[in-house]
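For reference, the structure discussed in these notes is given below.
The values are calculated or read from the model by the stated rules, or taken from the named source; none is laboratory data. The structure displayed is predicted, hence computed values, not measured ones. A quick note on method: Cβ atoms are made from the backbone with ideal geometry, for glycine too, and the neighbour counts reach across all protein chains shown. Heads up: the accessible areas ignore ligands, DNA and RNA and are worked out on the full protein's heavy atoms, side chains in. Shrake-Rupley method; radii C 1.70, N 1.55, O 1.52, S 1.80 Å.
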Amino acid sequence: MDSRHPPTARVRFAPGFGARVASFALAQAANRRTPREDFASSSAAVAAGSGEFAGRRRYRPGDDLRAFDWEAFARGGGEHVRLSRRESGERWSVVLDSSASMAIGLPEHPPKIQLAAELALALCAVGLCAGGQVSLATERGILELRSQADLARAMGALDGLECSGSLGFEPWFRHRALARASRCIAIGDLFDVDPAQVALHAARRRRMDAVCVLARVELAPLAESESGSSVEWRDPESGASLVARLGEREAARYSAALALHHRHWRASLARVGGELVIARAGDPFEPHAAQLLRGRRA
Amino acid sequence: MNGWFFARPEALWLLLLIPLLGWLARSSEPGLPQWTGALEFWRRSLEPHAPLGAQRRRSLPASVVAALLAVMLAILALADLRSIPAVAEPLHWRLVLDRSPSMFLPASDGLQDTPRIRRAVELSLELCERSGVEPQAREWLTFAFDGEHLSRGARPPEAWLDRGWGPGAEIPWQSLDRPEHVWISDCEPRFAASKAGIVQSGAAIVPGAVADLGARCLVWDGKQMAEQPWPSAREGISLDARLPRDIADLATLWAQARELKRVEADQPACLRIACAEPLASAKPSEGKVFGP
C-alpha cells in the first residue's frame, strides 16, 4: 500500500461469521438468566415498570429504585431489580463510526472498522436475542431491526462498508429515529467526539455506552516504530501531518494524553450509567462485547 | 587602513547552496510515514503547551545543522578571507651631520683624498636609498657656531662638506636621539643612541697620543703603538693674541686645570688656539660656550 495516500478499508465478514455471532448472542442470553434471577415470589409486588413480570437482573446505578427487589435483598439475594416484559424488550441503538480514520491498521494489521463492525453486529444480535429492538446507524443509513431474522439484513448492511469522510457519529445522537432508544452504544475511535457532549445527548436516554476501537499504532506507538526514529504522523481525515522523533518521552506523553481522554469518556458515560470499553483492532470481538454487556471491566 | 577582503569572492555564490540543502534536508526528513487518528494527541505530546490545532514547525536535527554550518565554513575558507595590510606611511628622516674637525680627516678605505665627511654622507645616502626615503623626505641638520642649519633635499649642501664653511659646533646628540633621526659621524658619539640610527664613516686612528699614562703617553704613529714621555710641548698652550679676552681667559683656565702653561706662539705647544678668518655669512654669536 502506498503510504502517501490515506488508507482505505472495507468491512469483510469471514464465512461463518453469522453463526459465530448467533452463538455469542445465545451465550449472552443464557448468562443473563442466573438461578437467582429466575426466582419469582408469588407475594412479590408488581415490578415498577408496567407490564408482565419477566424476571430479575442485577441492580445498576441509575436504575429506578421502585423496581428494586427488596424481598430478594432481605433474603440475602443481593441487589436486584425486577424486570417487566417491556424492559426485557429494550430498544437499543448501535451507532458505528466509519470515517476515514477507522481504516487505520492496514496493511500490517486488520483495520479498526473490521472489529467495530463485528462488535456492532454482535451487539445487534444480543439485543434482538433478548427480545428487544435495535436501530443500527451507519454511514449507509439507519436500519431498524425487530427480530433475529433481521440480523441477516444487518450483516448485509455492514458487509462492504467503506471508511470515508470525517463525519463520525455525533450527528446520529440528534436523530429522531434514535431518540426512542433506551440504550445507545457508540462504536468508533472516539477521537472526534467531545465526551462532554455525550452526557448532553444521553440525558434523554437511560443509558449510553461506548466502545473505543484503536489500531495498534495508536495504542502502543513504540511497538510499531523504533524509538528515536523520525516519524511523520498523518491524519487521513484532515490531511494534516506532523513530523517528530519518536522517543520514550514523547510516547509517554502521548499515552498520558490518550489516557486522560479516556478518563473523560468514562466520567461522562458513568453519569448516564454507561461504560467505556477499549478494544484493539484485530482482536476477536467476543471479549470486548462481553465486557460491555457485563457492565464491568474485565 | 586595516580591513578584510575575499581573495576569491566568486566562491561566495556557493552560500546559496546552504538554504537549498536545508530545504532538501527538511523535505527528506519525514522518514517513516504513519497514519493515525490521534494526530492531535501527538501534537499535544510534542508541544505540551501549544494550543489545540496549532501547527508545529518542523525543525532540523542538530546533525543536519552542524553539517550545514561546516559547509558554510568550507565555503568561506574557499573564498580565502584575508586581511588588508596596513599602508606604510612614507618615511621622513632627519640626518644630523657632524662637522667636527675629525670629519675632514681622510677616510680609512685607502682613499686618502676622500674626507670622512664625504664618505659618511655617501654611506647615509646609500642608507636612504635602501630604506626608501624619498629625496624630498630628507632633512639635513648640522650645527655651527651660529646655530642650527637645516636643509631639505637629496643631499646636504655642498658647502657643508667643505672645511672652509666653518667649524662645526658641539652637537646635542642626546636631544636628537629620536626615531627617524640618523646621526652621521666618523665614530660613535659619546652619548649612545637608542632610537636614532648611526652612519659612521670610520677611519684609522689619527697619529698622535692616544692614551695618557701619567708622565708618559701611548702614541700611535700610524703603524704601531709606542710608549714615550710626553713631549715638552705638552706643558704649554699657545693662544692667539687676537683672541677675545674672555676666550683667552677661559683657555688659560682650561690649561691650568691640566697643568699646562701658556707659551708664546713661536714656542712648541700641545695646543694652539688661533683666530680664523670670519665667514662672510657668519652671524655673530654671543653668549655661546664652545670647545671640547
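When the P(r) of the stretch B:156-197 is calculated, the portion above 16 Å amounts to 45% of the C-alpha pairs.
For the stretch A:86-125, the share of accessible area belonging to carbon and sulfur comes to 53 percent (1.4 Å probe, ligands and nucleic acids excluded). Quick one: Debye curve from the alpha-carbon atoms of the stretch A:101-252 only, equal weights, vacuum; give me log10 I(q)/I(0) at q = 0.09, 0.17 Å⁻¹ to two decimals. So the normalised log intensities work out to -0.35, -1.04. Alpha-carbon geometry of the stretch A:55-129: the Rg and the Dmax are 18.9, 57 Å, given in that order.
Only sites in a loop by DSSP and with at most 16 other Cβ atoms within 10 Å count here; which trypsin sites (Lys or Arg not before Pro) in the stretch A:138-197 make the cut?
Working: sites: A:Arg140, A:Arg146, A:Arg153, A:Arg174, A:Arg176, A:Arg180, A:Arg183; in loops: A:Arg140, A:Arg146, A:Arg180.
Filter output for the stretch A:138-197: A:Arg140, A:Arg146, A:Arg180.
Rounded to two decimals, what ratio of Rg to Rh does the stretch A:202-280 give with C-alpha atoms and a Kirkwood Rh?
Details: Rg = 15.7 Å, Rh = 14.4 Å.
Dividing the radius of gyration by the Kirkwood radius yields 1.08.
Translational D (Stokes-Einstein, µm²/s) of the stretch A:128-181 at 25 °C and 0.890 mPa s when Rh comes from the Kirkwood sum over C-alpha pairs?
Numbers: Rh = 12.2 Å.
Estimated via Stokes-Einstein, D reaches 201 µm²/s.
Ignoring ligands, DNA and RNA, what percent of the accessible area of the stretch A:214-293 is carbon or sulfur (1.4 Å)? Accessible surface attributable to carbon and sulfur in the stretch A:214-293 totals 50 percent.
Pop out the Kirkwood hydrodynamic radius of the stretch B:66-219 from its pairwise C-alpha distances, inverse of mean 1/r, in Å to one decimal.
On the way: mean 1/r = 0.0542 Å⁻¹.
For the stretch B:66-219, inverting the mean 1/r across all distinct Cα pairs yields 18.5 Å.
Pair-distance distribution P(r) for the stretch B:131-274, from all Cα-Cα distances in 10 Å bins starting at 0: 9, 25, 30, 25, 9, 1 percent. Quick one: grab the alpha carbon gyration tensor of the stretch B:125-173, order the square roots of its eigenvalues as a ≥ b ≥ c, and give me rounded if a/c is under 1.5, else prolate or oblate depending on whether a/b is larger than b/c. Because a/c hits 1.5 or more and a/b exceeds b/c, the stretch B:125-173 counts as prolate.
Straight-line cross-link reach from B:Lys195 at under 19 Å between alpha-carbon atoms covers these aspartates and glutamates, not counting any fewer than eight positions away in the same chain: B:Glu89, B:Asp98, B:Glu139, B:Asp177, B:Glu180, B:Asp186.
Report the accessible surface area buried between chains B and A, summing both sides, using a 1.4 Å probe on protein heavy atoms only, in Å² rounded to the nearest 100. Chains B and A together bury approximately 2700 Å².
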